[in-house]
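See structure below.
The values are calculated or read from the model by the stated rules, or taken from the named source; none is laboratory data. It should be emphasised that the depicted structure is a prediction, and the values quoted were computed from it without experimental measurement. All Cβ positions, even for glycine, are placed from backbone atoms using ideal geometry, and neighbour counts span all protein chains on display. Remember, those area values only see protein heavy atoms, side chains included, never the ligands or the DNA or RNA. Shrake-Rupley method; radii C 1.70, N 1.55, O 1.52, S 1.80 Å.
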Amino acid sequence: MRVRAWALGCLCACVALAAQAGERSLAIYPAQELPLRFDHGQHLADGADCLTCHDSARKSTQAADRLVPVGSAAEHPTCDPCHEIRNDAATCAQCHPGFDATVQKAPEALVLPRAELVFSHRAHFERHIACETCHEAMAQVGLATRMQLPKMKACLGCHDGTTAPAECRTCHLRAPTGRLQLQFTSGLLRPMAGNPLGLDHGPRFEFGHGTRAKLDRSTCMQCHGESECEKCHNGTQKPLSVHPNDFIALHPIEARTGSLKCDSCHRYQSFCAACHERAGIGLSAAAFFRSRNVRIHPNYETWVNDVHSPEHHSIRASRNIQECIGCHRQEDCLPCHSVNPANGIPQRLGYSPPGVDPHPASFLDGCLHMLRNNPRPCQLCHAAGSKELQCVKP
Amino acid sequence: MLWTLWAPDAWPAAFQLDARTEAQVYELPAYRGTDAQNPVLLPRRRIVQYLTLDGFELVRGEDFGFETSLRVFADLGLPPGEATLLDGVRSTGMDLLYASVRYRKGGTEVQLGRQMYVDLMDYLSFDGLRVRYVSPWGLGAEAYGGLWVKGSSLFSSSVYQPDGTRETDARRLALLAPATDPSLGSAEPLWGAKVLLENLGGVFASVGYRKSWLDGYSDFERAAVEVKYGRGLGLSAGGGAEYDILSRQASQFRAQVRYDGSAWAVTAEALRVAPVLSSQSIWYYFANGSRDEVHLRGDYTPMGPVRYYLQLVGAQYETVINGTDMAIASILPSVPAALNAGGSAGAALHLTRFRAAADVTYRDGYGGRQLWVDLTGGTFADKDRYTLDGRLSLAAIQDAQNPLLAGTFGGLQVWGGYRLTPATRVSLVFEENVNAFAHFDTKVFFVFDLRAQG
């Protein structure tokens with residue numbers, strides 16, 4: 001059992017948690033501590049080959065296997081054949097900087113966490129894949145670090161689906177959901193710039209991934225289960241990583257422009273309108289809430305009565321009806337727009353003719369089709385059997 | 001499934017249990033019988049518990065698993081009597097967010113249960129079955145069907161409610177109110193299908209259809225085409241178009257072109273969107289104006305711990321008033337489309353023990369003049385035992401349509417976390433907001449996480 005810093009990850013989701021382009025993912029290759037002095041280039045130039053020191057790689061079948069030469073204070077079996085190792089400070093310090101065997105029991109230990117991958121050196125060795133295919137340009141390298149571990153682009157040179165399997169799970173660890181494991185003690189696995197599959201999740205990716213998620217669901221689902229969607233697309237609690245501070249005061253600004261972000265978590269009629277009614281803003285609220293519709297709109301004359309006004313509500317409703325339906329229920333429209341005598345209100349308000357027609361251009365061309373498919377909304381404004389529901393142009 | 005988890009001779013399956021408790025305490029300004037200068041404060045005391053259980057490889061060696069998530073919540077600041085007066089609001093409740101069994105073998109995938117579905121057409125959830133098959137040659141098909149998950153159905157959330165209508169008209173029906181709709185709470189069957197083309201020279205495509213019914217009449221009927229091209233780094237593109245069969249008009253279009261280099265990327269995106277509304281609602285017939293948006297974004301990631309981005313955004317709100325064959329059209333003024341434009345710039349820093357990000361967004365036009373600044377940072381100590389994060393948000397708003405919201409809004413959030421055990425973490429968050437509108441506003445959040453794997 002392990003706990004991951006997923007809570008922390010939620011708060012800082014806008015921060016690129018993986019290492020940057022050209023570097024290695026900290027999630028896949030955790031940070032190392034290598035208090036050593038070593039020169040691969042010099043050893044290769046002097047005639048050593050990779051297996052001289054890393055012979056155990058031939059039989060290694062797991063990424064967790066430790067493949068660096070092992071030794072002790074008494075003996076260094078891998079190094080001994082070439083180096084004359086004496087147990088004195090000068091000799092030890094040649095490879096272990098600062099270590100003095102006369103005052104310390106052992107040099108500072110290497111910290112070499114396992115790579116968070118599924119990997120078998122043996123399988124690659126048996127296919128005669130040369131070490132430098134993955135560990136490039138070692139002749140120019142002094143002390144090998146994480147930077148000499150292969151990036152995914154190198155793997156995909158062979159793992160193309162033909163020469164070798166290209167499924168993510170071939171190399172990546174899987175979580176108990178069956179999808180890729182993303183959270184590691186060393187960080188969050190997140191595609192970075194230069195990702196060879198073109199999946200870079202840059203800063204604020206969370207705020208703009210909509211189109212990619214809609215068009216490429218199957219790729220997303222390789223890594224992200226429904227629980228990850230639900231963390232943000234939730235609609236119940238204020239998501240701390242998504243909405244900025246003071247968002248309850250500021251949300252009208254985003255809502256007025258019909259931000260797609262609102263739609264992805266909240267439904268206007270079942271989330272926004274209800275809360276507004278409770279707050280005394282919604283026009284159709286129960287009398288208990290004593291709503292007053294004086295805060296939001298320009299003055300009543302230009303907003304409702306003066307159809308010549310550029311501030312008339314029809315213009316705003318036309319541009320973005322979601323701005324309206326966050327507060328209003330459809331019965332709010334009926335008093336002025338319905339011609340159904342059962343509603344009775346237009347006549348009461350004295351409109352002539354009753355019911356201000358809000359239908360868009362060319363509505364009659366297709367209204368019969370819509371009527372046949374679903375007459376219920378038509379009948380809210382038009383009485384069943386009325387002449388308007390014959391959908392015939394006057 | 002639970003038997004499989006605890007049976008002593010269970011398969012060597014993998015299981016994961018996540019439990020998350022969130023409590024939020026703050027106050028909401030309200031205007032019940034009062035005015036903007038004298039708001040009344042309503043208490044919000046919400047507590048939500050998520051319980052997620054996943055299992056995988058239930059049969060040895062087979063890609064067979066399940067995913068479930070349950071949400072239980074209570075709003076202790078909302079009296080139950082008050083909640084009954086609000087459509088779609090509950091003071092306590094339980095939602096089954098998803099619960100499905102999934103099996104994959106070769107090109108076949110089957111999923112049964114409550115599941116989410118995301119594509120160009122919508123983001124929805126349904127109780128039912130989805131079957132997908134893709135042949136080795138890349139041709140395939142997908143079909144799904146079941147009951148749309150709506151706020152009025154059993155153990156479900158309004159997040160997936162078809163919009164434009166309330167969850168149910170039960171309250172108003174009881175009041176004998178005019179213009180009620182008894183069908184709003186009815187079960188809503190839906191089905192959909194897609195013909196698929198997968199990875200033919202880097203091209204993925206689908207043609208899809210979806211229809212739903214409510215009490216015998218069509219609620220949604222839409223078709224969509226989706227296309228994607230990508231072969232790794234370099235040029236990739238995707239796009240889709242949706243057609244509303246009921247209203248017989250194109251309803252949505254999206255296209256994105258992207259170039260990925262090793263250290264930089266450029267993305268261009270164009271959208272034409274119209275609200276996805278239930279045809280059960282009169283809004284559906286009057287949502288005339290679509291919105292066009294363009295986004296242009298550049299990302300630059302040099303070697304080192306910092307990366308940068310710059311994004312430009314423009315939106316045009318079409319103004320479509322009644323046509324000439326309608327009564328009011330001749331007297332309404334001619335109003336051009338409204339524009340909104342702006343951009344964002346930001347940088348993210350990631351060091352081994354510290355990370356930070358800064359984002360600045362500016363937009364002007366329809367919706368007002370807006371400047372948003374968001375700064376975040378975080379660090380940890382003692383191998384992640386202690387975490388500390390902060391977020392500073394500033395917004396300067398000027399909107400002629402809403403003068404009450406003019407001014408500068410500042411907010412600071414501090415999040416401290418402590419790992420209690422290897423499987424549990426507790427976090428406490430304070431948020432303090434300062435503005436001329438609400439003066440000082442304090443919020444407190446509490447989060448408890450548990451994750452167990454076995």
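Taking region A:318-332 as the range and being facing chain B (nearest Cβ under 9 Å), open to solvent by 20 Å² or more (accessible area, probe 1.4 Å) and of a type in the set (A, V, I, L, M, F, W, C) as the test, only A:324 passes.
Restricting attention to region B:30-56, the residues being within 27 Å of residue A:222 (Cα to Cα) and surrounded by 18 or more Cβ atoms within 10 Å (Cβ to Cβ) number 6. Is region B:412-422 home to any residue that is open to solvent by 40 Å² or more (accessible area, probe 1.4 Å) and under 28 Å from the mean Cα position of the chain (by Cα)? Yes: one or more hits.
Does residue A:58 fit the bill of being in contact (Cβ under 8 Å) with a residue 12 or more places away in the chain, part of a helix (DSSP H, G or I) and among the charged types (D, E, K, R)? So residue A:58 passes the test. Pairs are defined by a Cβ separation below 7 Å, a sequence spacing of at least 6 or placement on different chains, a first member in region A:185-205 that is within 7 Å of another protein chain (Cβ to nearest Cβ), and a second member that is hydroxyl-bearing (Ser, Thr, Tyr) and part of a loop (DSSP other than H, G, I, E, B); the pairs so defined are A:193/B:301; A:194/B:262. Residues that are out of contact with any strand residue (DSSP E or B) (no Cβ under 6 Å at 6 or more places or on another chain), in a strand (DSSP E or B) and buried (at least 16 other Cβ atoms within 10 Å of the Cβ) within region B:105-125 comprise B:118, B:123, listed in sequence order. The condition of being charged (D, E, K, R) and buried (at least 19 other Cβ atoms within 10 Å of the Cβ) holds for residue A:190. Candidates in region B:233-257 are the residues that are at the interface with another protein chain (Cβ under 7 Å from one of its Cβ atoms) and open to solvent by 10 Å² or more (accessible area, probe 1.4 Å); of these, the one that is nearest to residue A:166 (Cα to Cα) is B:233.
Conditions (1) more than 7 Å from chain A (Cβ to nearest Cβ); (2) part of a loop (DSSP other than H, G, I, E, B); (3) modelled with pLDDT of 90 or more, marked per residue:
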site: B:21; (1), (2), (3): yes, no, yes
site: B:28; (1), (2), (3): no, no, no
site: B:38; (1), (2), (3): yes, yes, no
site: B:47; (1), (2), (3): yes, no, yes
site: B:98; (1), (2), (3): no, no, yes
site: B:103; (1), (2), (3): yes, no, yes
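Inside region B:274-283, residues that are in contact with a Ser or Thr (Cβ under 8 Å, 6 or more places away or on another chain) and more than 7 Å from chain A (Cβ to nearest Cβ) make up a count of 3. Scanning region A:250-279 for residues that are small (Gly, Ala, Ser) and not in a loop (DSSP other than H, G, I, E, B), we see that the one that is surrounded by the fewest Cβ atoms within 10 Å (Cβ to Cβ) is A:255.
Every residue, every condition in (1) under 21 Å from residue B:38 (Cα atoms); (2) touching a residue at least 24 places away in the same chain (Cβ under 8 Å), yes or no:
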site	(1), (2)
A:266	no, yes
A:272	no, yes
A:278	yes, no
A:284	no, yes
A:313	no, no
A:328	no, yes
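Restricting attention to region B:162-191, the residues being of a type in the set (A, V, I, L, M, F, W, C), assigned to a loop (DSSP other than H, G, I, E, B) and closer than 22 Å to residue A:383 by Cβ number 5. Only one entry of B:140, B:128 meets the criterion of being surrounded by fewer than 20 Cβ atoms within 10 Å (Cβ to Cβ) and more than 9 Å from chain A (Cβ to nearest Cβ), and that entry is B:140. The set of residues in region B:180-200 that are more than 17 Å from residue B:158 (Cα to Cα), in contact with a helix residue (DSSP H, G or I) (Cβ under 7 Å, 6 or more places away or on another chain) and surrounded by 16 or more Cβ atoms within 10 Å (Cβ to Cβ) contains only B:180.
Among the residues of region B:398-408, is there at least one that is within 9 Å of another protein chain (Cβ to nearest Cβ) and assigned to a strand (DSSP E or B)? The answer is no; no qualifying residue exists.
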